[in-house]
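Just below is one structure, and these are the notes that go with it.
The values are calculated or read from the model by the stated rules, or taken from the named source; none is laboratory data. The model shown is predicted, which means the values in this text are computed figures rather than measured ones. Here the Cβ positions follow ideal geometry from the backbone for every residue, glycine too, while neighbour counts run over all protein chains shown.
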Amino acid sequence: MKISMTVNGKTMSGEAEGRTLLSTFLREELGLTGTHIGCDTSQCGACTVHVDGKQIKSCTMFAAEADGATVATIEGMANADGTLSKVQQAFQDHHGLQCGFCTPGMVMAATSLLEQNPKPTEAEIRHHLEGNICRCTGYHNIVKAVLAASGQEVPAVAAE
Ligand code: FES
Ligand code: FES
């Protein structure tokens, strides 16, 4: 069946079977490979995107369920002038990534958190990112990056 959705502000269409997951559709039909698939079983969060403004693990949704929806992926996070978003820049500045596999999902989740809660505490950040697994960083620098992106002071040692 033909599926159409607005992705990062553009109308995009592709073919999907009824069982095709949104994560697979984004990557294989729309060529948006920034959405990573780490598990396909809703454990890792690497596939996190926004659907109609809500953060979702795209491997938990069929592409057909997103027909007509507004979707945001990591490819749409940069500013219009091509510079990194506040969250992306903070990840870079605070070394919130190593191999980068989890990073698209982390950035999408952190962006969603700051939309709902512009000044989260460290505990709120950690709680919000619970569904996103990182095998490299130990999470400390990710938490620092989200604190920095929210304009809050990054404690020198609190997150170590
Ligand atoms: S690929 Fe979706 S949660 Fe891991
Ligand atoms: S940076 Fe490697 S999994 Fe997070």
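Miscellaneous remarks
- The residue of region 39-57 that is nearest to ligand 2 (Cβ to nearest atom), among those that are under 24 Å from Ala78 (Cβ atoms) and out of contact with any Lys or Arg (no Cβ under 9 Å at 6 or more places or on another chain), is Lys57.
- Residues satisfying the stated conditions in region 109-139, i.e. touching a Lys or Arg at 6+ places or on another chain (Cβ under 8 Å) and within 12 Å of ligand 2 (Cβ to nearest atom): Tyr139
- Condition check for Val157: modelled with pLDDT under 95 and either within 19 Å of Gly38 (Cβ to Cβ) or not polar (S, T, N, Q) (or both): yes
- Looking only at region 3-40, and only at residues there that are touching a residue at least 60 places away in the same chain (Cβ under 8 Å) and among the hydroxyl-bearing types (Ser, Thr, Tyr), the one that is farthest from Ala64 (Cα to Cα): Thr35
- Index of the failed condition, Tyr139 passing every other in (1) surrounded by fewer than 15 Cβ atoms within 10 Å (Cβ to Cβ); (2) on the phi > 0 side of the Ramachandran plot: (1)
- If the condition is being basic (Lys, Arg) and within 16 Å of ligand 1 (Cβ to nearest atom), then region 49-91 contributes Lys54, Lys57.
- On the stretch given as region 106-160, residues that are under 17 Å from Gly45 (Cα atoms) and assigned to a loop (DSSP other than H, G, I, E, B) total 8.
- Test result for Thr73, more than 16 Å from ligand 2 (Cβ to nearest atom), within 24 Å of Arg135 (Cα to Cα) and surrounded by fewer than 18 Cβ atoms within 10 Å (Cβ to Cβ): no
- Gly45 within 11 Å of the chain's Cα centre (by Cα), of a type in the set (Gly, Ala, Ser) and closer than 22 Å to Tyr139 by Cα: yes
- A search for C-beta distances below 8 Å between a residue of region 134-150 that is within 13 Å of Cys102 (Cα to Cα) and any residue that is within 12 Å of ligand 2 (Cβ to nearest atom) and part of a helix (DSSP H, G or I), counting only pairs 6+ apart in sequence or on different chains, returns Cys134/Met106; Cys134/Ile142; Tyr139/Leu129; Ile142/Phe91; Ile142/Met106; Ile142/Leu129.
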